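Report on the following structure.
The values are calculated or read from the model by the stated rules, or taken from the named source; none is laboratory data. Please read these numbers as outputs of a predicted model, since none were measured by experiment. Methodologically, a virtual Cβ is constructed for each residue, glycine included, from the backbone with ideal geometry; neighbour enumeration extends over all protein chains shown.
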Amino acid sequence: MKLSEYVTHDAVGLAGLVARGEVTAAELEAVALDAVAAVNPLINAVVETWPAEGGEGADGAGGADRAAAGPAPLAGVPFLIKDVGVTMAGKRSELGSRLARGMVARDDSSLMRRFRAAGLATFGRTATPEFAYGITTEPVLYGPTRNPWDLGRSAGGSSGGAAAAVAAGIVPIAHGTDAAGSIRIPAAGTGLFGLKPTRGRVSMGPDADEIFNGLAVQSCVSRTVRDSAALLDRMRGPESGDPYSAAEPDRAYAEEVTRAPGRLRVGVVTAAGGGRGTAGPVAAALSRTAELLTSLGHDVSEATLDLGVSWEEYVLANARLWTANLVPWLDGLAAALGRTVDPGTVQAETLAGYSFGRRVTGPDLVRALGVRNTVARSVGRHFLRYDVLLGPTLPELPPRLGEWAEGVEDLDGPGWIDRIFDRSPFTAVHNVAGTPAMSVPLESDPATGLPVGMQFAAGHGREDTLFRLAGQLERAAPWAHRVPGVWAGSVPPGPGRAAPG
């Protein structure tokens, strides 16, 4: 298989070729490595590769009956895991940090076992900001990940390496995590589909019950809606001991993608929290999206998203949750690896959060969880009136590299969280509320050609609604024909690898 052919298939399509015997998993792995050689020197998305370890049928399914119910649906598909949030036995898990440099995972996490059961051929890991503690992927450890649409711009974060790899055609789908927009932000900036599931939809086990007090979730970024649906079908479901779980859907998400969503009540949120304005190209894209929804028969009206608390209370509560969780995480790594938490091992923004987190008291943390509850209840009430809330994923176009971190050395812990929430005011609310939300690559800026993602959110447990709507939008306004300038299908193989044949 040639690279130019490989990049025309999504994950479901590649799995179909393998199932029919038209290509082997080994051939797909070879082409994926050619793609890495071709574009990764330009975008710095993949930090390590290894010989692919494919799926194991239904073995190691972590107790998921669904995984044992039939053949692996994504068998042989080349796959990349993020360098945080999942562990693969015997492979390095460095969390984008010098503090964890060289750390090797002893066991597969529950999610890794599900990736194996899905048949995915995992052959490497993608870049993340240090400890996934940011919305741009520019860690000191491995350097910045560049956006395939404009190499001077960020691919977003914290799943920036995953998004850049998928957008550039290295793999059709890649693992990601999302604690404040870390799947949706890079998806928006690189022209991909990315859905953050409901809190409790995917297990964090077995070594963690929750991450950042339930703000973080696991999923993926992909070029097609059906790929994300197919993988979430294999990821979802609780493990023994999980603190949260979401009710299982009535049918597979892969089926929902082809079902009509019906006439939805759509509330359009134009104003960002905190007072940040929306850039002209993004506001215009939002207006066009509202018009598209109306043309598809949906009831579209303007909405105001009430958090139930002030913006300042909201940001402070998140700062307390994030930074208090950093402390035992970093202290545990330092003790295990014989290192110290200092400027030589930890970046300025993380160190500031760590210092603040050490001062967060027990009552502070309980009050922050109270704010989380208030926000979740307030956001939940909006879905009594609307089926879906629409807004831009980001209020501006992808930033220049270094832009979001300017002056970071002068920020304290809450100051860094305020910076993140100011630059991405639409996304984190759904992490706090635990509600599902997706970024859909419906638009682009006519002046620059840069992608513009639109965010759609639904009520707790209603990923089915989002997948139905996403499938309808993909059919009505397809985006597969839009590819970035750095694209594996049009870049010659890098040195050291023969041209694929």
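Remarks
- Test: residue in the stretch 392-403 that is in contact with a Leu (Cβ under 9 Å, 6 or more places away or on another chain), at pLDDT 95 or above and more than 30 Å from SER97 (Cα to Cα): yes
- Which listed residue is under 26 Å from the mean Cα position of the chain (by Cα), closer than 18 Å to GLU130 by Cα and in a helix (DSSP H, G or I), from ALA317, ALA324: ALA324
- Here GLY391 clears all of (1) under 25 Å from GLU463 (Cβ atoms); (2) assigned to a helix (DSSP H, G or I) except the condition numbered (2).
Yes/no per residue for (1) among the aliphatic types (A, V, I, L, M); (2) touching a strand residue (DSSP E or B) at 6+ places or on another chain (Cβ under 7 Å); (3) farther than 26 Å from PRO281 by Cβ:
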| site | (1), (2), (3) |
| --- | --- |
| PRO144 | no, no, no |
| GLY169 | no, no, no |
| ILE173 | yes, yes, yes |
| GLY176 | no, yes, no |
| GLY214 | no, no, yes |
| CYS220 | no, yes, yes |
| ALA229 | yes, no, yes |
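- Tally, over the stretch 466-492, of residues that are surrounded by fewer than 21 Cβ atoms within 10 Å (Cβ to Cβ) and either in contact with a Gly (Cβ under 8 Å, 6 or more places away or on another chain) or of a type in the set (Phe, Trp, Tyr) (or both): 5
- The test for being modelled with pLDDT of 95 or more, under 29 Å from ALA368 (Cα atoms), more than 22 Å from the chain's Cα centre (by Cα) and crowded, with 20+ Cβ neighbours inside 10 Å holds for GLY413.
- Candidates GLU349, GLU312: the one that is part of a helix (DSSP H, G or I), under 22 Å from ALA216 (Cα atoms), among the acidic types (Asp, Glu) and touching a Lys or Arg at 6+ places or on another chain (Cβ under 9 Å) is GLU349.
- Among the residues of the stretch 341-357, those identified as surrounded by 14 or more Cβ atoms within 10 Å (Cβ to Cβ) and either closer than 21 Å to GLU210 by Cβ or out of contact with any Pro (no Cβ under 8 Å at 6 or more places or on another chain) (or both) are VAL341, THR345, VAL346, ALA348, GLU349, THR350, ALA352, GLY353, TYR354, SER355, PHE356, GLY357.
- Any chance GLY332 is under 27 Å from the mean Cα position of the chain (by Cα), at positive phi and outside any strand (DSSP E or B): no
- Flag set for ALA254, criterion: modelled with pLDDT of 95 or more, touching a helix residue (DSSP H, G or I) at 6+ places or on another chain (Cβ under 7 Å), among the aliphatic types (A, V, I, L, M) and surrounded by 20 or more Cβ atoms within 10 Å (Cβ to Cβ).
- Checked across the stretch 402-411, the condition of being in contact (Cβ under 8 Å) with a residue 60 or more places away in the chain, part of a helix (DSSP H, G or I), out of contact with any Pro (no Cβ under 7 Å at 6 or more places or on another chain) and over 19 Å from ALA272 (Cβ atoms) holds for at least one residue.
- Index of the failed condition, GLU313 passing every other in (1) among the acidic types (Asp, Glu); (2) farther than 25 Å from ALA458 by Cα; (3) crowded, with 16+ Cβ neighbours inside 10 Å: (2)
- Taken as a whole, the condition of being surrounded by 20 or more Cβ atoms within 10 Å (Cβ to Cβ), polar (S, T, N, Q) and in contact with a Ser or Thr (Cβ under 8 Å, 6 or more places away or on another chain) applies to THR435.
- Given (1) farther than 26 Å from GLY152 by Cα; (2) out of contact with any Leu (no Cβ under 8 Å at 6 or more places or on another chain), number of the condition LEU473 does not satisfy: (2)
- ARG419 vs. criteria under 23 Å from the mean Cα position of the chain (by Cα), under 30 Å from GLU443 (Cα atoms) and without any contact (Cβ under 8 Å) to a residue 60 or more places away in the chain: yes
- Complete set of residues in the stretch 147-175 that are surrounded by fewer than 24 Cβ atoms within 10 Å (Cβ to Cβ) and not acidic (Asp, Glu): LEU151, GLY152, ARG153
- Residue in the stretch 248-263 that is among the aliphatic types (A, V, I, L, M), outside any loop (DSSP other than H, G, I, E, B) and under 23 Å from THR122 (Cβ atoms) present: yes
- Subset of the stretch 341-395 (residues that are basic (Lys, Arg) and under 26 Å from the mean Cα position of the chain (by Cα)): ARG372, ARG377, ARG381
- For the stretch 130-149, the criterion of being more than 16 Å from ILE185 (Cα to Cα) and not in a loop (DSSP other than H, G, I, E, B) is satisfied by at least one residue.
- Failed criterion for GLY194 (all others in (1) assigned to a loop (DSSP other than H, G, I, E, B); (2) crowded, with 24+ Cβ neighbours inside 10 Å; (3) under 14 Å from the mean Cα position of the chain (by Cα) hold): (1)
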